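These notes concern the structure reproduced below.
No value in this document is a laboratory result; all are computed from the given coordinates. Because the structure is a prediction, the values reported are computed rather than measured. For neighbour counting, all protein chains shown are included, and Cβ atoms are generated from backbone atoms with ideal geometry for every residue, glycine included.
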């Protein structure tokens, strides 16, 4: 009696298709692991924005926004402090007078991308194009060639890192943030969150716009700003731009006097 035969198995087909896709995906999104503070601080201190031990770099993301950014410019004038603003290219070209005012008041302009999107799919050509468009827009508007890049959401991909490097930009994330984009953020919570992570030589991330955040959350940031700056000064630290900060890639000790306590 002849035994029935089975069709030969198709071997390696799914693996042959999936393996290259998985490799591409891993190469694309792998650098995003630097979003994790512990990993970033320990292995990539320059990326965390650690710099001069007697200085704090103050940075803002997501502008320019005509409804909120001018309030921050006035507050920073009152505090006698200059900051680095990571701008979205499409907003910069929409509000050219505001970009010029920011530069005219002595603030440093940096690249936050063209739009505030999540880079789940690899697109190196688009990354190169949009980063260069942003660089050219800021240089054309303010006559100030950007030096720094921070990707939207802090999600660094291989394509975005390569695009920034090709454009002559240095990628910097942060070492402390205010978590100021949420609808439950308050001046007290923003101040406390910054104080929980801030170290001498660190870089602070705040937002001067609610464009991709909870409506009016920037008001909590604005209210917390004097305490943050004055707390740094009380600890013997100067506050200013990334250009003044010059990240050098060395870890720094904790700062006494910068705590989560709200002074007002």
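What is the order of 55, 116, fewest Cβ neighbours within 10 Å to most?
116, 55
Relative to the present Cα-Cα distance, how much length would full extension add between residue 54 and residue 166 at 0.36 nm per residue of separation?
37.2 nm
Say a paramagnetic label sat at a point 7 Å from the Cα of residue 97, along Cα to Cβ; which residues of the stretch 52-71 have their backbone N under 16 Å from it?
64-71
Sort 189-195, 102-108, 205-211 by the packing proxy (mean of other Cβ within 10 Å over each peptide's residues), most packed first.
205-211, 189-195, 102-108
Using Cβ contacts closer than 10 Å as the measure, can you line up 217, 246 from fewest to most?
By the 10 Å Cβ count, ascending, the order reads 246, 217.
Which order do peptides 91-98, 155-162 fall in by mean Cβ count within 10 Å, highest first?
The densest-packed peptide leads the list: 155-162, 91-98.
How long is the gain from residue 123 to residue 105 if the chain were fully straight, where each residue apart is worth 0.36 nm and the alpha carbon distance is subtracted?
Length gained, residue 123 through residue 105: 2.9 nm.
Three principal axis extents, largest first, for the C-alpha atoms of the stretch 30-245, in Å?
In descending order, the Cα extents are 46, 40, 32 Å.
Taking the Cβ of each residue in 218, 177 as the centre, tally the other Cβ atoms inside 10 Å and list the residues starting with the fewest.
In order of increasing Cβ crowding within 10 Å: 177, 218.
Report the normalised scattering of the stretch 156-245 as log10 I(q)/I(0) at q = 0.15 Å⁻¹, calculated by the Debye formula with identical scatterers on the alpha carbons.
Log10 of I(q)/I(0), two decimals: -0.65.
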